[in-house]
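The structure under discussion appears below in the form of structure tokens.
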Amino acid sequence: MLSIDKYAYENRIVNWSPKLKALLWLLGIIIAFQPIQWLKVVVLFSVAGVTIFVARVSLKRYISWFYAILPFVLLSIVGIVVTVSSQRSSLIWPLRIGNVYLGIAKVMLPRAGQLALQCVTAIVCTYWFALTTPFIQILQVLKAAHLPRVMIEVTMLMYRFIFIFIDAFEQIHRAQKLRFGYDSVDLMVHSSSILAKMLFEQVIRNYEMMTKALDAKLYNGDFYL
Amino acid sequence: MIELKHLSFSYDDKRKILDDVSLKLGGDGHKVIGIMGQNGAGKSTLFLNLVGELRPTSGEVLIDGKKVEYTKKGLRDLRRKIGIVFQNSDQQIFYSIVKDDVAFALHNLKLPANEIHQRVERVLDELNILNLKDRPIQYLSGGQKKRVAIAGIMVIGSEWILLDEPTSGLDPDGRIRMKKLIKKLVANGQKIILSSHDMDFMYETCDYFYLLGKGKILNEGTKQSVFNDEKLLEENNLTQPWLVKIHQKLGLPLYADEQDLFENNSLNS
Amino acid sequence: MIELKHLSFSYDDKRKILDDVSLKLGGDGHKVIGIMGQNGAGKSTLFLNLVGELRPTSGEVLIDGKKVEYTKKGLRDLRRKIGIVFQNSDQQIFYSIVKDDVAFALHNLKLPANEIHQRVERVLDELNILNLKDRPIQYLSGGQKKRVAIAGIMVIGSEWILLDEPTSGLDPDGRIRMKKLIKKLVANGQKIILSSHDMDFMYETCDYFYLLGKGKILNEGTKQSVFNDEKLLEENNLTQPWLVKIHQKLGLPLYADEQDLFENNSLNS
Amino acid sequence: MLKIISRYRKFITFFMIGLVYTLAYPLTAHAMHIMEGMLPPRWCIFWFVVSAPFFIYGLYRMYKIVNSGIPNAKVMLALCGAFVFVLSSLKLPSVTGSCSHPTGVGLGTVLFGPGVMSVLGVIVLLFQALLLAHGGLTTLGANEFSMTIVGPIVGYAVWKLCRAMKVNRSVSLFLCAMFADWSTYVTTAFQLAIVFPDPNGGIVAALIKFLSIYAITQIPLAIAEGLLTVIVYNLVISN
């Protein structure tokens, strides 16, 4: 499920300083937000290319990470460009509804294009960061940013525990699916509820066992960072 | 019969977990087929390909000569033919009462209530756990839970049952019962494919073996042939069953199982 | 030495999980002590009483002649003397990088950084997982995780280590490595108490045994004596190791382990 | 399990209310998150600043919990956070044929006090941005505001109100789910409308547009999630 995490540990620049990588990310984001459009295009394609090379990821898989988010980017852009106006001439593909027109606002079109470019450039930069910086290194960045200790401790533990729950999640989900538990919408809702319940029970079970394990490891209230 | 033709699978295009595997399961009257291999050899991936949970990157799976179709209907048909019981019973028992859990698949298939009832009773009876039917899962032993998990699959009435590590976590008694259970299933006409780290268990229960290593089939054959190749087993970090060891090292005859040994051995008499 | 005097334990006053257990662990040079018993016999409860996770309902635990004190300090001292590795590795690994997790207990002991580093390296080396030290836990195999869990306790350098089902989920190779590891721990001067469903493993690794049934000690002794009582084992749903079986049924001598058999047997020559 | 359940009775009650938020979280994890690069820098900063006080209050609450004598509170917090994160990847069927996820950040709200969730929420959003490529780092402040501040507060208020009015528990859960859900997407629609006003109708028209875009896909989802919530509740309690 977390394929990005796996790639992050195996990338070619995994040993670079995480702070440097964070600074490079920031630089990319600044370029995504600055006004010169061609520069964004350059950054977009070069960062994407570098990411594919450095993370040893196939183009197909790299693009697959965009599938999940593009619908929302598109939906938001539709929301920005579609408008209602009384002047037919200000719209592309006007549709008459009563005495007004529904259509795409001509004035908004360049802005929407720029927004899409800015969005995709920023996303590509964040993917670069995520794919070159294992989460363990990101914790170092959080530490360097002087975020509160408790928050970093909990983040660190959460990162570890996520994989325990993902294992459980996948096993339960698979077993349900193979017993036809997701064959229709109502079954899906029902099976999902059972899955949530079972995961919840594991929160408690894990907590109880971990309490014992912490004692065995002489835990005294703080996780070192 | 299940047939794999040049089946390959990889998760990430980097490393092939299964690499051009071709085999025929269930030919020549094989009824309990053992898949051996060390951790990471690809056993689980093979199982998930067999039940359509993973789709081969290349090659194909044929069931009774027909290609598996990866459509909703095709997969549904496949899963009515091949059931799988996973290693961890706790993650495949969804209800708190035994009979409810066993009925899960039948409810999902929208069978009429009285048929569900009959089929659940029959399967529980076959597995000798009819007395557990109203019991809450949390008070069952590991061995009992394993049976409930198997019942939940058997109730579908599939021709094939895949068992992944059926003895893991069982105490010696549970292990003996599992051996008997498999014999019984076979007597009922069920076909079984199983994988286990317990070589003695595999040796005694299966009648045909495949040795999987680094995603390839390295050897196949009857227990007499496969376990005799000590070198190949060692290369794959597997060990010989003790019955084979005493045959090879002590020069005793090769016995098919313990009973065979203790009843027919010549030293005894 | 660990001594239990008339120790009883129950969760709810209804049923005693441990019932007036008295025993001395580690006397007479016993170094690897096996606790046998079927599911529900009380093995885990016994372990939890030994490490102070559960407090006996009556009776007491003495370590080297001193009563365990159930205060914060007393328990901490106890746990520096007796380490425990539980069955499920995932629930006892808290850091995502191997070496960080192994160092956890040492940080809790507030040791200086360079000593922590040295001890972690040494333990990882002893367990043959030095190559894993910078690897993320989530991509390790079950056997590797098991070793990380053991390393995390070993590093404390406690006199005793309790191992609950150390071979569960391991493949044959992992099982052999575990056998070797236990030998190594003993050579390092550590004492081990282990419980396992794998009778062959127990037979080959332990030098003294206790048979637990319904909360009571039913038998104790060396491997030669405990496993000879087939009837008692059967009553407790346990099986004999195969080395004992071939001794009893085939009249071969009783060998201490496989090596012993294959090197010294008379049939061979 | 029974024994455990009874021991954690209080925890479970909290959990169930938390779960409502969890499941109430609307639309898709990605859909309700404002994507990376979507908001101009000054708005990114604005939402970080707006969320900051809640975040700081959350930290304060977190310190109190950790020091309150709950044994191993950090582990419990992290387990709940991890659970919420994994649950947020649970796919729910949606009308459009695609699947959506409840984003599931509300769990801890009531579990450890309302403030804590703003901290756990940030962590969950961080994981979603970096491990799942959903949402974004620059928009973290804006997403934090809609998902972990407004949603939980509204949901909690609805729950309290329903209980005070002696509404049946299941119905309360259902309504709580609906409103927590609704308030979150209204907030997101606001956040977008302010930044991208309509050329003809201004912010109000933009708000109507964004609301209607989400409303279409939202209704059946909210119902599915409400049902899910009630079923899970009954499963846990009956067990």
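The values are calculated or read from the model by the stated rules, or taken from the named source; none is laboratory data. Quick caveat, the model's predicted, so the values are computed rather than measured. In this analysis, Cβ positions are derived from the backbone assuming ideal geometry, glycine residues included, and neighbour counts consider all displayed protein chains.
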task: With respect to D:P152, determine if the residue is more than 14 Å from chain A (Cβ to nearest Cβ), part of a loop (DSSP other than H, G, I, E, B), at pLDDT below 80 and under 15 Å from the mean Cα position of the chain (by Cα).
output: no
Q. Does any residue of segment A:115-123 turn out to be within 22 Å of D:Q128 (Cα to Cα), touching a helix residue (DSSP H, G or I) at 6+ places or on another chain (Cβ under 6 Å) and part of a loop (DSSP other than H, G, I, E, B)?
A. no
Given the structure, is B:S168 modelled with pLDDT under 90 and within 18 Å of A:S191 (Cα to Cα)? no
Residue pairs within 7 Å by beta carbon, gap of at least six or interchain, first lying in segment B:171-189 and free of Cβ contacts under 8 Å to residues at least 24 places away in the same chain and of a type outside the set (S, T, Y), second assigned to a loop (DSSP other than H, G, I, E, B) and surrounded by fewer than 18 Cβ atoms within 10 Å (Cβ to Cβ), listed first then second, are none
Would it be correct to say that A:T132 is out of contact with any Leu (no Cβ under 6 Å at 6 or more places or on another chain), crowded, with 17+ Cβ neighbours inside 10 Å and hydroxyl-bearing (S, T, Y)? yes
Note on segment C:105-134: residues surrounded by fewer than 23 Cβ atoms within 10 Å (Cβ to Cβ) and within 8 Å of another protein chain (Cβ to nearest Cβ) are C:H107, C:N108, C:L109
Of the candidates D:A24, D:A52, D:A73, D:A29, the one satisfying the condition of being modelled with pLDDT of 90 or more and more than 7 Å from chain A (Cβ to nearest Cβ) is D:A52
Expected output for segment C:121-150 (first residue under 24 Å from C:V186 (Cα atoms), partner surrounded by 21 or more Cβ atoms within 10 Å (Cβ to Cβ) and of a type in the set (S, T, Y), Cβ below 8 Å, 6+ apart or cross-chain) is C:G142/C:S89; C:K145/C:S89; C:K146/C:S89; C:V148/C:S89; C:A149/C:S89
If we ask which residues in segment A:91-109 are part of a helix (DSSP H, G or I) and crowded, with 18+ Cβ neighbours inside 10 Å, their number turns out to be 1
Flagged in segment A:1-13 as within 12 Å of chain D (Cβ to nearest Cβ) and among the charged types (D, E, K, R), in numbering order, are A:D5, A:K6
- Message: Looking for something within 11 Å of another protein chain (Cβ to nearest Cβ), at pLDDT 90 or above and crowded, with 16+ Cβ neighbours inside 10 Å - is there at least one such residue anywhere in segment C:34-42?
- Response: yes
Inset, instruction - Test A:I136 against the stated conditions and say whether it is touching a strand residue (DSSP E or B) at 6+ places or on another chain (Cβ under 8 Å), among the β-branched types (V, I, T), closer than 30 Å to C:I156 by Cβ and more than 8 Å from chain D (Cβ to nearest Cβ). - result: yes
The number of residues in segment B:218-237 that are more than 20 Å from the chain's Cα centre (by Cα) and of a type in the set (G, A, S) is 1
(message) Tell me whether segment A:104-126 contains one or more residues that are in contact (Cβ under 8 Å) with a residue 24 or more places away in the chain, within 19 Å of the chain's Cα centre (by Cα) and away from every other protein chain (no Cβ under 11 Å).
(response) no
Flagged in segment A:157-167 as crowded, with 23+ Cβ neighbours inside 10 Å and among the aliphatic types (A, V, I, L, M), in numbering order, are A:L157, A:M158, A:I162
Of those in segment A:55-78 that are buried (at least 18 other Cβ atoms within 10 Å of the Cβ) and more than 16 Å from the chain's Cα centre (by Cα), the residue modelled with the lowest pLDDT is A:S76
Residue under question is B:E3, and the condition is that it be over 15 Å from B:I193 (Cβ atoms), outside any loop (DSSP other than H, G, I, E, B) and away from every other protein chain (no Cβ under 11 Å); does it hold?
no
**OP:** Report yes if some residue within segment A:174-184 is facing chain D (nearest Cβ under 7 Å) and surrounded by fewer than 19 Cβ atoms within 10 Å (Cβ to Cβ); otherwise report no.
**Re:** no
Residue count, segment C:173-188, condition farther than 27 Å from B:E230 by Cα and small (G, A, S), comes to 1
With respect to D:G37, is the statement that it is of a type outside the set (F, W, Y), at positive phi and facing chain A (nearest Cβ under 7 Å) true?
yes
Picking from D:K166, D:K160, D:K209, the residue that is modelled with pLDDT of 75 or more, charged (D, E, K, R) and in contact with an Asp or Glu (Cβ under 7 Å, 6 or more places away or on another chain) would be D:K209
Reported set for segment C:65-79 where residues are in contact with a strand residue (DSSP E or B) (Cβ under 8 Å, 6 or more places away or on another chain) and either away from chain A (no Cβ under 11 Å) or among the basic types (K, R) (or both) is C:G65, C:K67, C:V68
Here the residues within segment C:80-100 that are at the interface with chain A (Cβ under 9 Å from one of its Cβ atoms) and not hydrophobic (A, V, I, L, M, F, W, C) are C:R80, C:G83, C:N88, C:D90, C:Q91, C:Q92, C:Y95, C:S96, C:D100
